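The values are calculated or read from the model by the stated rules, or taken from the named source; none is laboratory data. Treat the numbers as computed from the prediction; the structure is a model and nothing was measured. Glycine also receives a Cβ, built like all others from the backbone with ideal geometry; neighbour counts cover every protein chain displayed. The area values use the complete protein model at the heavy-atom level, side chains included, leaving out ligands, DNA and RNA. Shrake-Rupley method; radii C 1.70, N 1.55, O 1.52, S 1.80 Å.
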Amino acid sequence: MHTIMVVDDNAKIRAILEEFFSRSGFTVVPASSGKEAVDILRKGTVPNLVILDIKMSHGSGLDVMYEMRRMGITPPAILLTGTIDAGKYVDMLGKLGLSEENIYYKPIDLFVLLDLVKKRLGLV
Amino acid sequence: MEYKASILVVDDEKSFWEVVAEGFELRGYRVVAAMSGEECIEKIKTDTFHIILLDLQMPGMGGIRTLEEIRKMNPEIEVIMVTGHGDIALATESLKKGASDFVEKPISIERLVNTVEKVCEQRMLRETVLLYELSKVIFSTIELDKLLKIIIDLTMKVLRADDASIMLFNEKKELYIAISSGLDLDIQKRTRLAIGERIAGWAAQNKEPLILINGLRDDGRFSDFKGRSEIQSAMIVPLLKNDEVIGVLNANRIKLTENFTQNDIYKSKIFISLVSLALDNANLYNNFKNAQEKLEATHMQLVQSEKLSSLGRLVSEMAHEVLNPLMVISGNAQLILMEGAQTDQVSKELKVIIDEAMKAKEILQRLLKFARTNKANLRKADIGQVVESVALLVERQFAANKIVIRQSYAKDLPHVHIDDKQIEEVCMNILNNARDAMPDGGVMEISAVRNGDRVRVDFKDNGCGMPDEVKERVFEPFMTTKEKGTGLGLSVCYGIIKAHNGDLKVESRQGAGTTISVYLPCMKG
């Protein structure tokens with residue numbers, strides 16, 4: 001059973017993603033901020049995949065990705081955003097070797113997200 | 001020397017007019033004598049008289065016949081018949097034929113002078129009334145076109161001309177014919193004179209009125225010009241405001257045998273100054289209207305820019321996560337669907353909820369695009385090629401909608417400095433709108449020409465056009481007349497073109513089609 005860590009400061013969205021992926025057969029580890037996510041990772045949890053919201057107070061999704069690289073943990077990551085302009089993150093994305101095309105704008109069809117997760121995990 | 005008036009004494013009795021001459025000259029009049037009716041007619045052809053003292057009984061051409069001839073030539077000269085004792089019947093007849101008054105010989109100089117002065121006063125009164133009426137008419141309108149027509153009609157009447165024209169200055173300070181009566185339309189269109197050029201130009205330059213008799217041949221100033229041969233005499237008067245020339249009035253006599261004289265110039269001085277004043281007013285009004293229009297246009301542009309910038313600010317405030325609630329909506333709907341416990345109807349409705357949430361995202365993203373100052377990648381381009389490539393893309397779809405595309409690009413089109421992708425998006429947007437305006441087919445004419453230091457690309461369709469209310473708001477965000485439109489297309493285009501330092505204009509009439517004009521600055525060097 002694969003583990004997905006869902007990091008989003010919006011409680012309702014966290015709840016939806018948790019419910020959906022549980023029903024789809026995954027174990028879900030939620031976190032409400034970048035800081036909380038990094039704490040969880042440091043305590044030893046190793047998710048198979050991470051779904052990250054970019055804009056959060058107390059550490060953004062991109063900060064979490066930086067931290068994971070430093071820690072040597074590199075599970076596949078899917079970036080989501082609730083802002084309409086991710087253009088401002090272009091520089092930070094560049095440093096991670098990513099571009100605006102790697103960001104998915106909410107709302108995303110849950111089943112599309114599921115396909116993406118399966119692909120990244122090599123389950124398809 | 002200023003005379004009170006010029007008097008022509010017509011009498012075959014030398015003794016009579018010698019006395020008259022002396023008497024009047026002493027009182028400051030100018031007196032000329034003629035011994036017969038024929039001599040009288042000759043004299044008035046070339047000289048100016050205010051009063052004619054005409055002997056009723058003369059051998060040869062008698063008084064009545066002379067009076068008739070005078071009246072044919074000049075309806076305005078005051079003619080006082082000098083009758084002998086017992087000629088009352090003839091005297092009355094002469095009044096009917098246009099004489100102003102009559103006096104009976106023998107007559108004292110005092111009485112004669114009184115009669116002449118009375119006639120002069122009446123004449124001045126009539127002229128004053130006429131001027132009053134004239135000024136009422138001339139100042140009845142401030143619109144240049146109507147005013148010119150009124151003036152030309154009055155000029156023909158007041159100056160007794162067979163044709164007349166008024167020349168004004170254009171922006172290049174050239175004289176052009178603003179209105180004419182009876183002039184060949186071709187001559188009218190072609191005539192453009194610089195100050196000093198030809199006769200009108202001469203009058204404008206020297207600020208002096210001119211009379212030309214029998215063409216230009218004999219006048220030393222203009223002997224090398226070719227004029228119109230049918231003109232018998234011509235009067236050319238500069239129109240002055242303060243000391244500045246604002247135009248030229250030309251009047252020609254073709255049929256009337258009496259030439260223009262200095263007296264005509266003198267008499268028409270007041271008329272001319274009324275005309276100058278009225279024209280100046282009309283010009284000022286015209287300039288005012290133009291300035292107002294420009295101000296309106298600038299104001300509109302300012303309002304539009306203001307809208308754009310405030311929307312930009314609005315959008316950046318929305319950097320907060322405006323899309324999250326949409327995810328909550330669609331996410332929850334999807335979870336319910338996953339349960340599977342609902343009826344087909346409910347399933348359908350849930351799907352609608354999901355779709356609409358997705359659509360809301362699209363709208364917001366287009367809004368962002370509109371408000372964002374896109375960093376454009378500028379490069380030197382041939383606008384013809386860029387537009388042509390977009391036309392190629394839509395060709396098939398247009399053909400399917402029975403729309404013919406015609407393109408014509410000027411050969412010497414200068415290059416422009418543009419972001420290809422953005423300009424292509426603009427063209428695409430415009431063409432799509434045009435397609436929607438021609439549901440039953442039509443013609444799309446695309447053309448590109450040089451326009452000063454810019455290139456202008458026109459997209460002209462013969463579709464349904466827009467009513468004025470829509471046209472005024474066509475570049476506003478969320479302005480759409482379509483059911484499925486977001487209303488952002490043209491506002492995005494406007495933003496893109498403005499960012500290129502260009503301009504976007506629309507001409508449209510409901511039922512007659514629309515033309516969208518894209519202006520882009522030429523590339524320097």
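Observations on the structure shown:
- Under conditions of 37 °C and 0.692 mPa s, region A:63-124 yields 254 µm² s⁻¹ as its translational diffusion coefficient, taking Rh as the Kirkwood radius over Cα pairs in the Stokes-Einstein equation.
- With N as its number of residues, region B:418-514 has a Cα radius of gyration that, divided by 2.2 N^0.38 Å, comes to 1.06.
- Long pairs among A:K106/B:K351; A:K35/A:K95; B:K72/B:K146; B:K43/B:K149, criterion Cα-Cα beyond 24 Å: B:K72/B:K146; B:K43/B:K149
- Residue separation of B:I88 and B:R396 scaled by 0.36 nm, minus their Cα-Cα distance, works out to 100.9 nm of gained length.
- The charge dipole of chain B, taken about its Cα centre with unit charges on the Cβ atoms of Lys, Arg (+1), Asp and Glu (-1) only, comes to about 1880 debye.
- Distance cut-off 13 Å, percentage of C-alpha pairs in region B:266-305 lying past it: 64 percent
- By DSSP, the beta bridges lying fully in chain B are antiparallel in about 70 percent of cases.
- Solvent-accessible surface, computed for protein heavy atoms with a probe of 1.4 Å, shrinks by 30 Å² or more for the following residues of region A:103-124 when the other protein chains are added to the isolated chain: A:Y105, A:K106, A:P107, A:D109, A:L110, A:F111.
- Across the options B:H415, B:F475, B:V390, the greatest Cα extent toward the positive end of the charge dipole of region B:386-525 (unit charges at beta carbon of Lys, Arg, Asp, Glu) belongs to B:H415.
- Straight Cα distances below 16 angstrom link B:K14 to the lysines B:K105, with same-chain residues fewer than 8 positions distant left out.
- Aspartates and glutamates whose Cα lies under 15 Å from that of B:K380, excluding same-chain neighbours fewer than 8 positions away: B:D419, B:D420, B:E424
- Shielding by partners for peptide B:326-336, expressed as the average number of C-beta atoms from other protein chains within 10 Å of each residue's C-beta, is 6.
- Length gained when the stretch B:M156-B:V129 is fully extended (0.36 nm per residue, less Cα-Cα span): 7.9 nm
- Fully extending the segment from B:S15 to B:N290 would add 92.1 nm, taking 0.36 nm per residue of separation and subtracting the current Cα-Cα distance.
- With a Förster radius of 51 Å applied to the C-beta separation of B:M300 and B:D355, the computed FRET efficiency comes to 0.85.
- Summarising the strand pairing of region B:26-155, around 0 percent of its internal DSSP beta bridges are antiparallel.
- Dividing the alpha-carbon radius of gyration of chain B by the rule-of-thumb value 2.2 N^0.38 Å gives 1.66.
- Sparse packing (at most 16 other Cβ atoms within 10 Å of the Cβ) combined with a DSSP loop state is found for the following GluC sites (Glu not before Pro) in region B:1-92: B:E2, B:E13, B:E76.
- Contact with the other protein chains removes 40 Å² or more of accessible area, compared with the isolated chain and a 1.4 Å probe, from these residues of region A:57-87: A:G82, A:I84, A:D85.
- Dipole magnitude of region B:379-522 about its Cα centre (Cβ charges: Lys, Arg +1; Asp, Glu -1), debye to nearest 20: 140 debye
- Membrane-span-like helices in chain B (whole DSSP H runs, Cα extent of at least 24 Å along the helix axis, mean Kyte-Doolittle hydropathy of at least 0.0): B:109-138, B:383-400.
- Over the Cα atoms of region B:113-157, the radius of gyration divided by the Kirkwood radius equals 1.23; this is the Rg/Rh ratio.
- Two-decimal ratio, region B:78-138, of alpha-carbon radius of gyration to 2.2 N^0.38 Å: 1.41
- In region B:375-424, the alpha-carbon atoms span a convex hull of 65 Å³ per residue.
- For chain A, the relative contact order comes to 22 percent (Cα pairs under 8 Å, sequence separation of at least 6).
- Estimated FRET transfer efficiency when R0 is 56 angstrom, pair B:D436-B:K118 (beta carbons, to 0.05): 0.10
- Take the accessible area of B alone and of A alone, subtract that of the pair with a 1.4 Å probe, and the total buried over both chains is about 2300 Å².
- In the context of the full set of protein chains, residues of chain B present 54 Å² of accessible surface per residue (probe radius 1.4 Å, heavy atoms only).
- Summarised as an ellipsoid, region B:1-73 has semi-axes of 20, 15, 8 Å, derived from the eigenvalues of the Cα gyration tensor scaled by 5 and square-rooted, with the largest first.
- Accessible surface computed residue by residue for chain A, with neighbouring protein chains in place and a 1.4 Å probe, gives 45 Å² per residue.
- Heavy-atom accessible area for B:V470, with the other protein chains in place and a 1.4 Å probe, reaches approximately 30 Å².
- The radius of gyration of the Cα set in the protein assembly as shown, together with its Dmax, comes out at 45.3, 148 angstrom.
- For the protein assembly as shown, a crude dipole built from +1 on the beta carbon of Lys and Arg and -1 on the beta carbon of Asp and Glu, taken about the Cα centre, is about 2680 debye to the nearest 20.
- FRET efficiency, A:K43 to B:D344 (Cβ-Cβ, R0 30 Å, nearest 0.05): 0.05
- Expressed as a whole percent, the accessible surface of chain B that belongs to carbon and sulfur atoms is 53, based on a 1.4 Å probe.
- Taking Lys and Arg as +1 and Asp and Glu as -1, the other residues whose beta-carbon sits under 12 Å from that of B:V455 total -2.
- Taking chain A as a Gaussian network of alpha-carbon nodes connected by springs under 10 Å, the highest mean-square fluctuation of the residues A:V46, A:V29, A:V90 belongs to A:V90.
- Hits among lysines - C-alpha to C-alpha of B:K402 under 24 Å, sequence gap 8 or more where chains match: B:K460, B:K482, B:K484
- For region B:1-125, a Kirkwood hydrodynamic radius built from all Cα pairs, placed in the Stokes-Einstein relation at 10 °C and 1.306 mPa s, yields a translational diffusion coefficient of 112 µm²/s.
- Unit charges at the beta carbon, dipole of region A:4-124: most positive-side option, A:T27, A:I108, A:A11: A:T27
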